[in-house]
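Student: I'd like to ask you about the structure that follows.
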Amino acid sequence: MKRWTWRGSHGPHQRHGSGPRHGGRRDERRRSDDDAEPPYRRTHSPSAAATAPAQPSSSSTRSSAAPELPGFYFDPEKNRYFRLLPGHNNCNPLTREQLQRKEREKERQKMLEEDQNPRKKAPRPGLNSSLLLQKRHLGLLPENSYCRLVHEVKVSGMKRHKLEIESTDNSSCPDTDNFRLIVGDSACERVFTVNDVSHGGCKYGIMNFSSNSRGSLSVEMCDNLYFTNRKVNSISWASVNYPDSHVLLCLVGAADTPGCVSLLPASLFSNSDPDQPGMLCSFKISAAWSCAWCLNPQFDKTFSTGLSRRVILKDAETGRTQTYNVSSDVLAQQFALQAPILFNGCRSGEIFSIDLRQRSRRDPGWKASRFHQESAITSVRVLQDENYLLAADMLGQIKLWDVRGTKAVQEYKGHYNEHAYLPIHICEREGLLLAVGQDCYTRVWSLRDGHLLRTIPSPHPAANDMIPSIVFSPNLGGAKGLPGLLLAVKHDLYYYPYNTDYPTGRPADARQEGGATV
């Protein structure tokens, strides 16, 4: 809804003058105070109102048909104005916030209905599977372009299905605590989860996925009694003993509890090993914001932590530590794979890189590259061609940067963020970019040209503490897994598969038919 602006000051409420107190006069006064029809409405005749065009649903078009009046709200359904009562101590006040929330909820419900429609609008004009296949057979479409466009068509046709989460003892978990974060490992065989607990703090778990002969996805949750009363800011899978053997957690400090960075063995969340190892590494850090694990063979046991005005590099085996002082809080980090370079995003909007092979930190030129966005950086992602990097900020801007020329070469519009700490997700092989906005909408863009392919509404009403967390993969559950999107919000887990004929039966029933276990 369009924001209203005050164009005048309003004095205190005045007492009505004395007069007869019979029912008709009292009803007339109550109607004039509550409805408060402005002169614009009273001066228009019924014939003029009847011949006026119907009011559209969008607030921008509505405002062009009905003039904006300070302190009043125009209801297109009732075709009349109502007084706004900001801060009024009435039993049923009408405020701008309530109207905006109502309008957003109406739009969300409309999009949910459209999402379940079997015939959806194509992400690009004239784009469909049969046309793409025909062009491919005629040699008019290269193989890479064909695969990328097919993924765009599949993404536009995904439908929502709620997954039943099974516990390790084969019992359902209907009262799962609210999901806060979900992060998939490199193969998307497992998804690490952070859930709220009723008495405060967070608990951790790992979800294992498996597909069966019916083509449905089943989920098994492996919980652990380990929990923390601190907020989890950042998660990264770590390859200490073997690929994705540990989970690296960045915890923000509470009142009297300092922040810390912890390495948890993934075997903590498995019942197969009776002798579960304890925590491998944990060290206290004040105001820890971000963390990342290095997969470059030269520094394969190194992880980083972004702090307030500092960056710490630490070797998990030897404990050797390097500290870099910077001018702002480091909110986002990621290592490149081919070269041992760490990219950092700061609260000031600065993005800079650190070459781990450079030992001297006294040289003012130790930052390998530097460029800026207009607001605090919430996420950085390095592409396979490590000359390009994606960065998102708290103004909702997502930009693709050429690191060599330190210039933005592409922008992805539509993302919404004002102050939240939100990640972005890349599926480079499929040519997709995904992000969940502060408005709780999940958006999917074409990584190649920035075209917005899909906007997915949250299954639950939008709220600042109910922003969905997502994982997207062409192989959920491993190499033979199913493609699609996982969306966790509140205590529910939803699956958006590529397959339009996805079975809706319970996963437990499907597993009895011979499904494989991850």
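Student: When Lys and Arg each count +1 and Asp and Glu each count -1, what net charge do the other residues less than 14 Å away from residue 293, Cβ to Cβ, add up to?
Tutor: -3
Student: May I ask for the percentage of alpha-carbon pairs in the range 372-460 that lie more than 18 Å from each other?
Tutor: Result: 38 percent of Cα pairs exceed 18 Å.
Student: Same structure again: If you wrap the range 281-388's Cα atoms in a convex hull and average its projection over all directions, what's the area in nm²?
Tutor: For the range 281-388, averaging the hull's shadow over all directions gives 6.6 nm².
Student: For residue 368 paired with residue 411, estimate the spin-label separation in nm (one decimal), with each label point 7 Å from Cα along the Cα-to-Cβ line.
Tutor: For the pair residue 368/residue 411, the computed spacing is 2.8 nm.
Student: Which net charge results when you count Lys and Arg as +1 and Asp and Glu as -1 among the other residues whose beta-carbon is under 11 Å from that of residue 497?
Tutor: It works out to a net charge of +2.
Student: Taking the full set of protein chains and a 1.4 angstrom probe, give the accessible area of residue 401 in square angstrom, rounded to the nearest 10.
Tutor: Rounded to the nearest 10, the figure is 20 Å².
Student: Follow-up question, since we're still on this one. Identify all lysines with a Cα-Cα distance to residue 284 below 23 Å; exclude those on the same chain that are fewer than 8 residues away in sequence.
Tutor: 203, 231, 301, 314
Student: Another question, then. Could you work out how much longer the chain between residue 452 and residue 111 gets when fully extended? Use 0.36 nm per residue separation minus the Cα distance between them, nm to one decimal.
Tutor: 121.2 nm
Student: Let me ask something else about it. May I ask you to compute the full-extension gain from residue 82 to residue 96, defined as 0.36 nm times their residue separation minus their alpha-carbon distance, rounded to one decimal in nm?
Tutor: Taking residue 82 through residue 96 to full extension adds about 3.9 nm, to one decimal.
Student: Further question on the same structure: Per-residue accessible area for residue 124 at 1.4 Å probe radius, Å² rounded to 10?
Tutor: Counting only protein heavy atoms, the figure is 50 Å².
Student: So, in Å, what gap is there between the alpha-carbon centers of the range 449-502 and the range 310-329?
Tutor: 35
Student: Given 0.36 nm per residue, what is the gain on full extension from residue 159 to residue 121 after removing their alpha carbon distance, in nm?
Tutor: Separation in residues times 0.36 nm, less the Cα-Cα distance, equals 12.4 nm.
Student: In terms of the ratio Rg/(2.2 N^0.38 Å) built on C-alpha atoms, what value belongs to the range 204-259?
Tutor: Against the compact-globule rule of thumb, the ratio is 1.54.
Student: Something else now. Give me the lysines in straight-line cross-link reach of residue 154: C-alpha distance below 24 Å, same-chain residues under 8 apart excluded.
Tutor: Output for residue 154: 110, 120, 121, 135, 162, 413, 480.
Student: Can you give me the solvent accessible area of residue 426 with a 1.4 Å probe, rounded to the nearest 10 Å²?
Tutor: Roll a 1.4 Å probe over it and residue 426 shows about 50 Å².
The values are calculated or read from the model by the stated rules, or taken from the named source; none is laboratory data. This structure is a prediction, so every number in the text was calculated from the model and none was measured. No Cβ is skipped: glycine too gets one built from the backbone with ideal geometry, and neighbour counts run over all protein chains shown. In case anyone asks, the SASA skips ligands and DNA or RNA and just uses the protein heavy atoms, side chains included. Shrake-Rupley method; radii C 1.70, N 1.55, O 1.52, S 1.80 Å.
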